[in-house]
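Contents: one structure, followed by commentary.
Read-outs throughout are calculated quantities, based only on the coordinates presented, and are distinct from any laboratory measurement. A quick note: this is a predicted structure, and the numbers were derived from the prediction, not measured. Here the Cβ positions follow ideal geometry from the backbone for every residue, glycine too, while neighbour counts run over all protein chains shown.
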Amino acid sequence: MTIRQWKFEDILSLSELEEQCFSNDRWSYRTFASCYENPAFYGIVAVDGDEIIGYAGITVAADSADIENVLVSERYRRAGVGGKLIESLVSHAVKSGVKSIFLEVRVSNVPAMCLYLKYGFAGNYARTRYYSDGEDCLVMKKDV
Ligand SMILES: CC(C)(COP(=O)(O)OP(=O)(O)OC[C@H]1O[C@@H](n2cnc3c(N)ncnc32)[C@H](O)[C@@H]1OP(=O)(O)O)[C@@H](O)C(=O)NCCC(=O)NCCS
């Protein structure tokens, strides 16, 4: 498994993977394309052979950064791919000189929360009814 930066031609595969894994609030092809065009955004993919098996992205703004998305294809979960993606985003944020990294996670998303806790994020505050289906989100933060 290798990790590399997104290419424009990956976007169709990314939006297909997103469709397989998320029922709510999924990113469209257009959202991926606008991230790709944003110079503050850094997107990465995990690749096994020719297959994209996961992706993640982060936006850097002055001294803080926001992790926008992390996803691993169902068949490849619990094998360390999500952790490698997070490590790579954190390393990019550190090189960019940020002081803190933030992210938002659904309060019901135990796998994602455990992943973020393992990589040094801690709960910061909650936003009630943040998602379109009314679920709350927890904002998590890591100081770097
Ligand atoms: C969250 C997600 C990215 C984790 O990816 P992954 O490749 O399975 O994660 P890893 O194998 O690197 O696991 C790293 C740690 O995360 C935690 N973790 C991952 N899956 C977990 C689960 N199902 N239950 C509990 N903890 C879990 C564990 O602490 C794990 O460390 P360990 O293996 O030493 O116990 C993956 O489940 C996913 O794509 N979920 C759907 C998309 C999503 O919800 N993204 C987050 C949006 S905020």
Q.
Of all residues being within 16 Å of the ligand (Cβ to nearest atom) and under 16 Å from H92 (Cβ atoms) in the range 27-53, which is surrounded by the most Cβ atoms within 10 Å (Cβ to Cβ)? Just the residue, please.
A. A46
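Any chance the range 6-26 includes a residue that's in contact with a Gly (Cβ under 6 Å, 6 or more places away or on another chain) and surrounded by 14 or more Cβ atoms within 10 Å (Cβ to Cβ)? Show your work before the answer.
Here is the first cut: in the range 6-26, the ones in contact with a Gly (Cβ under 6 Å, 6 or more places away or on another chain) are 6.
Still in the running and surrounded by 14 or more Cβ atoms within 10 Å (Cβ to Cβ): 6.
Yes, the conditions are met somewhere in the range 6-26.
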Q: Might you check whether a residue that is part of a strand (DSSP E or B), away from the ligand (no atom under 16 Å from the Cβ) and of a type in the set (V, I, T) occurs anywhere in the range 59-80?
A: yes
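Does S132 fit the bill of being hydroxyl-bearing (S, T, Y), touching a residue at least 24 places away in the same chain (Cβ under 8 Å) and in a loop (DSSP other than H, G, I, E, B)?
Details: hydroxyl-bearing (S, T, Y): yes; touching a residue at least 24 places away in the same chain (Cβ under 8 Å): yes; in a loop (DSSP other than H, G, I, E, B): yes.
For S132, the condition - hydroxyl-bearing (S, T, Y), touching a residue at least 24 places away in the same chain (Cβ under 8 Å) and in a loop (DSSP other than H, G, I, E, B) - is met.
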Q. So, of the residues in the range 83-101 that are free of Cβ contacts under 8 Å to residues at least 40 places away in the same chain and within 13 Å of the ligand (Cβ to nearest atom), which turns out to be nearest to N124 (Cα to Cα)?
A. I86
Q) S73 versus (1) crowded, with 17+ Cβ neighbours inside 10 Å; (2) more than 26 Å from F8 (Cα to Cα); (3) of a type in the set (S, T, N, Q): which is the lone unmet condition? A) (2)
Q) Could you give every pair whose Cβ atoms fall below 8 Å, whose first residue belongs to the range 11-31 and is within 14 Å of G43 (Cβ to Cβ), and whose second residue is in a loop (DSSP other than H, G, I, E, B), counting only separations of at least 6 or pairs across chains? A) L14/W6; L14/W27; S15/W27; S15/S28; L17/S73; E18/R26; E18/W27
Q: Filter the range 105-127 down to residues that are assigned to a strand (DSSP E or B) and surrounded by fewer than 16 Cβ atoms within 10 Å (Cβ to Cβ), then give me how many there are.
A: 6
(Q) With the structure loaded, tell me whether V60 is buried (at least 19 other Cβ atoms within 10 Å of the Cβ), under 16 Å from H92 (Cα atoms) and out of contact with any Gly (no Cβ under 8 Å at 6 or more places or on another chain) or whether it fails that test. (A) yes
